[in-house]
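The values are calculated or read from the model by the stated rules, or taken from the named source; none is laboratory data. Just so it is clear, the structure is predicted and the values come from calculations on it, not from any experiment. For neighbour counting, all protein chains shown are included, and Cβ atoms are generated from backbone atoms with ideal geometry for every residue, glycine included.
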Amino acid sequence: MLEAYVQFALKAIAREATYRFEVFTSIASLAVRVYLLRVVWVALYAHNAAPQGVALHTIITYSTVALLMGLVLDIDQTRLLHDKLHDGSIVVDFMKPISVPLYLFSDGTGEVLFHAALIVPSLAIAAFIVHVDVPSASVLAAFGLSFLLGYFVGFCLNFILNCIAFWTLEISAVQLIATWVTDLLGGQIVPLVFFPAALQGAIFALPFAAMYSTPLLIYVGRIPPEGYAGAMGLQALWIVALGGVAALMWRAGARRVVVQGG
Amino acid sequence: MMLDVYRTYWRINLLTTLEYRANFLLWFGFTFVYHGSAIAALWIMLNNFPSMNGWDFRDMAFLYGLWMVAHALNATFFSTVDQIPEWIHDGEFDRFLVRPLDALYQVITTPGQVFPDELLLALAFLTVATIASHVAVTPAFVVLVALVVAGGALIDLSINLLISTAAFWFVQVDALRWIALQLEQEFTRYPLTIYSRGVRLLLAFVIPFGFMNFFPAAYFLHKTSNGLGLPPAIGALTPLIGIAFVAVAYAFWRAGLQRYQGVGH
């Protein structure tokens, strides 16, 4: 039974691999953005050596790792749900002897695994442009775990957004807005510690921070080992909360499709 | 006659906008978040640093505003240029070739659903940024800014036209357009002086993004350096650069058109 879902994931990997030009352009555009982040931060740091106690090499490491994480986190792995609702083919999937959410999860995982593999060549190219600090193995392990938790938070958020299509069918504008908000409030573009102090409390409590900021602050050592439990606990809390909302929306939406279908 | 058609087209467009108010508001929100998040990121950065090579947040806001208006002008008036590849692909493009009007003119005047939301937002933002930057607002300044954003819009149009023309040779140009848009946004956001000399020259004379906003802004804001050691007044050349670049893009377009007809579709 599980084998079917592994096959779905493998199929998704094969499908993504056919977009060779897109792969090439996404790596090329990443290289340009790494160059940009270097010149931008170097120019800013020329006038202030360590704002908020963040050194130049730290911010460059932070921003580069954030871009690489974006290769995975910017993927809308549940897009398939939206597409299937749009053309109505979801009905056929409901008739198959499979769990549709698990099918969507496998397909999305396959897509994400393919893009995660792009991190390796991208990192190799980035290393020519900037110096990326590498922390100790234990910190790297904590970062990996936190990144995984952040990925699940992102998965739930995307799933919720795509579930909206059960009711409205068209959600492209909402999704783009969500991506920009995530990049900004998640701390992908500018670290959240640079945000005005009055806003930080609220922004760190949002789920966007659980996607990017938490793993990144672990990576650069801003969250020390004694803070790991609290930080990752909050991430886990978001997964439970958003996962619950996603499950409720799925059930309400799926019933609606059945009703529509007669 | 041609202008009459264009005027009627715009009247209908604006009336449609008023008809679909909810849709207009949604797109307005979309545009607002898009530019808002970019400007917010700049503001947060410059809250922690006194300046970026002598440009503080107010200067950067003016820089962004100039690009925003130029970009919005192009997006509002020439949005259908983006659709050329799709039309070629579907075979719909051929109908432009059998009519007794210039094909590009027909493309530009093809009715589409265009909301002027981005343009309105851009004009409002540039106005606020201008007031905040303490530039002396004289009639001459207003005229020059109008010419500069018009020239900037032509630069933007040229890039779009070049990419659309590539569709005569390659079927898929979506990825190319996406990258060009991304690069344009990134490379117009910061002062040109932060880049290495090679990149500065590239952005000045090969892909003239620098003329969309940096050179004019450096001129208006009396910045001591424009990164190339050229006289500050080159910032006023944007309209000419725009016209020249459109001419290049149009020549390429004609060549593409020739080739397309030559194949015998």
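Values for this structure:
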{"item": "Residue match in region A:72-81 (condition: surrounded by fewer than 18 Cβ atoms within 10 Å (Cβ to Cβ), under 29 Å from A:Phe8 (Cα atoms) and within 14 Å of chain B (Cβ to nearest Cβ))", "result": "yes"}
{"item": "Per-region count, region A:41-67, residues assigned to a helix (DSSP H, G or I) and either more than 8 Å from chain B (Cβ to nearest Cβ) or closer than 30 Å to A:Ala116 by Cβ (or both)", "result": "15"}
{"item": "Any hit, region B:233-245, residues being among the polar types (S, T, N, Q) and within 14 Å of A:Val32 (Cα to Cα)", "result": "no"}
{"item": "Residues being closer than 24 Å to A:Val193 by Cβ and not in a helix (DSSP H, G or I) - total across region B:50-69", "result": "6"}
{"item": "Scan of region B:224-245 for residues that are of a type in the set (Gly, Ala, Ser) and in contact with a Leu (Cβ under 7 Å, 6 or more places away or on another chain), ordered by number", "result": "B:Gly227, B:Ala236, B:Gly242"}
{"item": "Qualifying residue in region B:26-49 (condition: in contact with a helix residue (DSSP H, G or I) (Cβ under 8 Å, 6 or more places away or on another chain) and in a loop (DSSP other than H, G, I, E, B))", "result": "yes"}
{"item": "Residue ranges of helices (runs of 4 or more DSSP H) in region A:164-217 with at least 3 members at pLDDT below 90 and over 28 Å from A:Pro135 (Cβ atoms)", "result": "A:165-168, A:172-185"}
{"item": "Odd one out for B:Ala72, checked against (1) of a type outside the set (S, T, N, Q); (2) surrounded by fewer than 17 Cβ atoms within 10 Å (Cβ to Cβ); (3) assigned to a helix (DSSP H, G or I)", "result": "(2)"}
{"item": "Test: residue in region A:29-45 that is charged (D, E, K, R), touching a residue at least 24 places away in the same chain (Cβ under 8 Å) and surrounded by fewer than 18 Cβ atoms within 10 Å (Cβ to Cβ)", "result": "no"}
{"item": "Selection within region B:159-200 - of a type in the set (Gly, Ala, Ser), more than 12 Å from chain A (Cβ to nearest Cβ) and either out of contact with any helix residue (DSSP H, G or I) (no Cβ under 9 Å at 6 or more places or on another chain) or surrounded by 21 or more Cβ atoms within 10 Å (Cβ to Cβ) (or both)", "result": "B:Ser164, B:Ala167"}
{"item": "Residues of region A:187-217 classified as more than 11 Å from chain B (Cβ to nearest Cβ) and crowded, with 17+ Cβ neighbours inside 10 Å, total", "result": "12"}
{"item": "Candidate set from region B:136-158 (those that are part of a helix (DSSP H, G or I) and more than 14 Å from the chain's Cα centre (by Cα)); member that is surrounded by the fewest Cβ atoms within 10 Å (Cβ to Cβ)", "result": "B:Pro139"}
{"item": "Check on A:Ala126, surrounded by 17 or more Cβ atoms within 10 Å (Cβ to Cβ), away from every other protein chain (no Cβ under 14 Å), closer than 24 Å to A:Tyr35 by Cβ and in contact with a helix residue (DSSP H, G or I) (Cβ under 8 Å, 6 or more places away or on another chain)", "result": "yes"}
{"item": "Matching residues in region B:40-56 - criterion: being over 20 Å from A:Val181 (Cα atoms), surrounded by fewer than 21 Cβ atoms within 10 Å (Cβ to Cβ) and either of a type in the set (A, V, I, L, M, F, W, C) or out of contact with any Pro (no Cβ under 9 Å at 6 or more places or on another chain) (or both)", "result": "B:Phe49, B:Pro50, B:Ser51"}
{"item": "B:Phe49 touching a His at 6+ places or on another chain (Cβ under 8 Å) and among the hydrophobic types (A, V, I, L, M, F, W, C)", "result": "yes"}
{"item": "Boolean, B:Asp4 is in a helix (DSSP H, G or I), buried (at least 17 other Cβ atoms within 10 Å of the Cβ) and of a type in the set (D, E, K, R)", "result": "no"}
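Okay, residues lined up against (1) of a type outside the set (A, V, I, L, M); (2) closer than 23 Å to B:Gln185 by Cα:
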| position | (1), (2) |
| --- | --- |
| B:Asn53 | yes, yes |
| B:Ala75 | no, yes |
| B:Thr80 | yes, yes |
| B:Glu86 | yes, no |
| B:Phe96 | yes, no |
